[in-house]
Every structure is written in C-alpha cells, then in structure tokens.
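Asker: If you scroll down you'll find the structure; I have some questions about it.
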Amino acid sequence: MKKLSLVVLALAVAGASFGQDIDRIIHPQEVERVEKTLSADDMQGRRTFTPGNDKAAAFIAGEFTKTGLQTWNNSASYLQPFTMIRPKFISASCSLDGNAVDTRNVIVVTSQPELKLTETSGYTKVVFGKDRKLSELRSYFNPDKNYLVLVDTSFARSFGNLTRLKSMLFRSDKSTVFVLTAADPKTFSVEAKHEITEMNTQNVVGVIPGKSRKNEYVIFSGHYDHLGIMSKDRQGNTLADSIFNGANDDAAGTTAVIMLAKYYKALNNNERTLVFAAFTGEEIGGFGSQYFSKQFDPASVKAMFNIEMIGTESKWGKNSAYITGYEKTDMGALLQSNLEGTGFTFHPDPYVKEDLFYRSDNATLARLGVPAHTISTSKMDNEPNYHQASDEIGTLDMANMSMIIKAIALSARGIVSGRQTPTRVDTSSLR
C-alpha cells in the first residue's frame, strides 16, 4: 500500500506539472462510473448491429458531448456510421479455358447480387503460388479493384477456410474471385448469385484540434463492442448467465479513451490534433477500425494508442502494462522515458506467439507504417474471464485501472506536444 501511495503521489505531481491535477479528472470513482455503465446488463453485451451496441454508442457520444470534443470533419454527430454487407451464397459456376471447375474450388467475394465476368471484364489476374502464405489472401477481401486470384492447389486443405472471411464485407463495387487451380488460363468465365443484406453500425469519434500542428494526428482508441447475448457455450451447455458484459474486453479500453479525452480537454494545450475513437465490429473482424483508418493519410498519423483489456493486473502485477509490437518502433521507449519516477513500467509484449500486434484495432494503420500499438494488461495465457459471461466489473481493479490510464496520459505528453515523434513501422516485409 505504501508503494502504491508513492506511485499515486508521483503520478499526481507529474500531472500537476503538466498543467492540470490529473487526480481530479482520472480517479477510481469516475473510472468506475463509466466502466459500470458500459458493462451493465442493459447494454446486452454490446454486440455489433444490436440495440445494446447502439445504446453504448449513444452513451459514449454523450460523454464526448459533456467533455466538449469536436466532431470529426465537423460532421453533425460524433457517430461515424457505415454499412456492412452480409452476402448469402446462392449459386456459382466457373470455367477455365472452357473446362468446368468444381464449385467447391471457387470462392466469390462480392457485395453484388449477381456477378458475371470473363477475361474481358477488366479483372486483374493474380497467380498465388505455393511459396506464399494463405493469410496473405486477406488483402484481397474488400479490395480496391477487381481480382481473379488463382490459388495453388498446395492450399487445397485450407482453401475452404476463406469462406469465413466473406461472411461480412464493406459495401463495394469491387469483387474478388478465388479459384483453386494449378492452371494459368487464357480464358475464364465466372457467374455467381448472392442474397445481399445491408447492416448499419457506427464508430464514435471525437476530436481536440491541435494548436500548431493541426494536420498531425495522435489517436487514442478502444473497441466498445463485445459478444452480446448467448444462451449456450461452445460445448452446447446452457448458460446460467447469458449476457457477455465484456467489462474488461473492451469496456475497460473504451473507458480509458473517455477518461483521456476528459484529461486532454482540460489541459487544452495539445499541439497535435487528438482523435478519440471507440470502435465497433472488433469482435467480428475489426471492421470499425478498418473503416476509421480509411479516413486518414497514414503519413499524417504520428501515433496510435489502442487500449485493450486493462482492467486486470498484468503478469508483472500492479502499475505495469505491455505494448504489442514493442520492438517495431521506438514508441514504447519514448513512453517509458516520460514516466521516470512514477514507478510505472511499460513492458514488451510477452505473448508474441499470439501475434497480438496484428490482431487488434491498431493493425490496419500499423500495416501502413503508423506507430500504432495496443496497450494491455491481459494475461493471454491465463485470463479466465476472457470471452466468458464472467467478464464483469466485479473482476476488475478500478484503482489499478485508473493508474494505467494516468500512466498512458503522462507517457503520451511528448507525442501530444510534438516534442517526440515515434519511428515508423517497417512495412517492407509486408505484401
């Protein structure tokens, strides 16, 4: 307790020297108020496309209103709406050089009800050889142009897994056709029919404009969606508690975003423009952050603090967290340099086998070179409430969570002020 009190004092002193007594804004009572609201049963687990998700978005927008944030691009609302497409397969046929292809070896990714194409349709043909990784095919979903991707037969066993990735798409006039084949045909013909359902959802985005560097952005983000209501577990057993509240995943991160917005608005001395984003759709494919990221020139984003599951202690105990992709930029070192004397430590991600750097909402911008990292405390090898109905507020430590949010606020001050700029992610190895 004595050690914790010294850390609290150190953080408070550092915050006061930064122009505002941080404890008056970020404290356990206020953190609990926001967290408790987001993870309450009446939010119904905040599953994307549900009334509970919409209710959570309205609450976050209300907090941004009270804080006095501006909207993104001076829009009429903090809500950033977008439409997803759910295609239901009806039929497909394909021939290469006049030879029919088994439809099990054809996967059509489209948001069009009917698709007909031949070699004269302007599709870019890609030969995807056995030297590639199947995960690279993700780049052809939600494409910027039309593709016919000829996938080598060495991927036969895992080819069908691609159908999972087409269950939800952004609305687009572009399509991709994957064909499992050893051929490189001169002529081809593909026809497909789908039943198309449009589904609307929204991110929540607020802004504090920068003073001298308005066109340089620092993003603080977390996802507010979760798993919703489920009557049975994965084994088919009936659940006594059907609401997956997602208190840690990721009401905790969203709470942090709201608190950081309050803090920086009170300071009102940021040289770079600060963007506070609560994403939807993370649990079903990261669609909210993908849509959000398209609004930016990646070169203009100087850093992204994505906050995911900070409600429990890290493997190192209190007053600590880890940063995914720590080694990919010098952002972690910069953050730690601003925490000298506080007793708080940022560690490199200890769960590298989980590939967390490319699994959360920072991934889209990170792949474009942005120093976009996720901050977390979740013990991925031993987090008993992860994706369980038991992920409720009673399992979280409000005092430690408040300390983590304060540490993020103080560690970011060099980047927020423009005095520090992290190095970029090396994307030369990414296809």
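Just so you know, all these numbers are worked out from the coordinates, no wet-lab data involved. The structure displayed is predicted, hence computed values, not measured ones. So basically every Cβ, Gly included, is an ideal-geometry build from the backbone, and we count neighbours across all protein chains shown.
Asker: For region 99-186, what relative contact order do you get, as a whole percent, if you take Cα pairs closer than 8 Å and at least 6 residues apart?
Answerer: Numbers: 126 pairs, mean separation 38.8, N = 88.
Relative contact order for region 99-186 comes out at 44 percent.
Asker: Next up: Classify region 20-86: rounded, prolate or oblate, from the alpha-carbon gyration tensor (a ≥ b ≥ c, eigenvalue square roots; a/c under 1.5 rounded; otherwise prolate if a/b is larger than b/c)? Don't skip to the end; give the middle numbers.
Answerer: Numbers: a/c = 3.23, a/b = 1.30, b/c = 2.48.
Oblate.
Asker: Taking the mean number of other Cβ atoms within 10 Å as a proxy for protection, how do you rank 319-327, 70-78 from highest to lowest?
Answerer: On the way: 319-327: 21.6, 70-78: 14.1.
In descending order of packing, they fall as 319-327, 70-78.
Asker: Run the paramagnetic zone check for Lys214: 7 angstrom along Cα to Cβ, then residues of region 252-274 with backbone nitrogen under 18 Å.
Answerer: Residues passing the 18 Å test: 268-274.
Asker: Could you give the length gained by full extension between Thr238 and Arg157, i.e. 0.36 nm per residue of separation minus their alpha carbon distance, to one decimal place?
Answerer: Numbers: separation 81, 0.36 × 81 = 29.16 nm, distance 3.33 nm.
That works out to 25.8 nm of additional length.
Asker: With a 10 Å radius around each residue's Cβ, average the other Cβ atoms per peptide and rank 188-195, 278-285, highest first. Can you show the working numbers first?
Answerer: Working: 188-195: 19.2, 278-285: 25.1.
For the peptides 188-195, 278-285, the packing ranking is 278-285, 188-195.
Asker: Set the bar at 27 Å for Cα to Cα. Now go through Lys88/Lys130; Lys55/Lys302; Lys133/Lys353; Lys55/Lys232; Lys294/Lys406 and name every pair that lies beyond it.
Answerer: Values: Lys88/Lys130 30 Å; Lys55/Lys302 32 Å; Lys133/Lys353 17 Å; Lys55/Lys232 24 Å; Lys294/Lys406 29 Å.
With Cα atoms farther than 27 Å apart: Lys88/Lys130; Lys55/Lys302; Lys294/Lys406.
Asker: Here's something else I'd like to know. What shape does region 166-302 take by its C-alpha gyration tensor, where a ≥ b ≥ c are the square roots of the eigenvalues and a/c under 1.5 counts as rounded, a/b above b/c as prolate, and the rest as oblate?
Answerer: Values: a/c = 3.23, a/b = 1.33, b/c = 2.43.
Verdict is oblate for region 166-302.
Asker: Based only on Cα atoms, what Rg/Rh ratio does region 99-186 have, Rh being taken as Kirkwood's radius?
Answerer: Details: Rg = 12.3 Å, Rh = 13.4 Å.
That ratio equals 0.92.
Asker: Helix-only estimate, please: 222 nm mean residue ellipticity of the chain, summing -39500 (n - 2.57) across DSSP H runs of length 4 or more and dividing by its residues, to the nearest 500. Spell out each step's value before the answer.
Answerer: Values: 10 runs with 101 residues, N = 431.
It lands at -7000 deg cm²/dmol.
Asker: Assign one of three labels to region 253-387, namely rounded, prolate or oblate, based on the Cα gyration tensor with a ≥ b ≥ c the square roots of its eigenvalues; rounded applies when a/c is under 1.5, prolate when it is not and a/b is larger than b/c, and oblate otherwise. Present the calculation step by step, with values, prior to reporting the outcome.
Answerer: Working: a/c = 1.40, a/b = 1.10, b/c = 1.28.
Rounded.
Asker: So how far apart, in nm, are the two label points at Lys88 and Ala399 if each is 7 Å from Cα heading toward Cβ?
Answerer: Each label point lies 7 Å from its Cα, and together they span 5.4 nm.
Asker: Once you have the Cα-Cα distance between Ser172 and Lys294, take 0.36 nm times their residue separation minus that, and quote the gain in nm to one decimal. The partial results should precede the final answer.
Answerer: On the way: separation 122, 0.36 × 122 = 43.92 nm, distance 1.39 nm.
Using 0.36 nm per residue and subtracting the Cα-Cα distance, I get 42.5 nm.
Asker: Here is a further query. How many nm separate the modelled label positions at Met230 and Ala183, each set 7 Å beyond the Cα in the direction of the Cβ?
Answerer: In this crude label model, Met230 to Ala183 measures out at 4.2 nm.
Asker: With a Cα-only, solvent-free Debye model of region 361-429, what are the log10 I(q)/I(0) values at q = 0.21 Å⁻¹?
Answerer: With no solvent term, the Cα-only Debye profile gives -1.04.
Asker: Same structure again: Angle between the Cα long axis of helix 252-267 and the longest principal axis of the chain, 0 to 90 degrees, nearest 10?
Answerer: Roughly 50 degrees between the two axes.
Asker: Let me test this: with uniform point scatterers at the alpha carbons of the chain, what is the Debye-based log₁₀ I(q)/I(0) at q = 0.06, 0.07, 0.10, 0.13 1/Å?
Answerer: Reported log10 I(q)/I(0), two decimals: -0.27, -0.37, -0.73, -1.13.
Asker: Taking Cα atoms, how many degrees apart are the long axis of helix 398-411 and the longest axis of the chain, rounded to 10 and kept between 0 and 90?
Answerer: Result, in degrees: 80.
Asker: Same structure again: Report the rotationally averaged projected area of region 207-269 based on its alpha-carbon convex hull, in square nanometres. Don't jump to the answer; show the numbers that get you there.
Answerer: Working: hull surface 22.8 nm².
One quarter of the hull surface, i.e. the mean projection, equals 5.7 nm².
Asker: Then there is this: As I understand it, the value is the acute angle between the Cα axis of helix 28-38 and the longest principal axis of the Cα atoms of the chain; what does it come to in degrees, rounded to 10?
Answerer: Once rounded, one gets 30 degrees.
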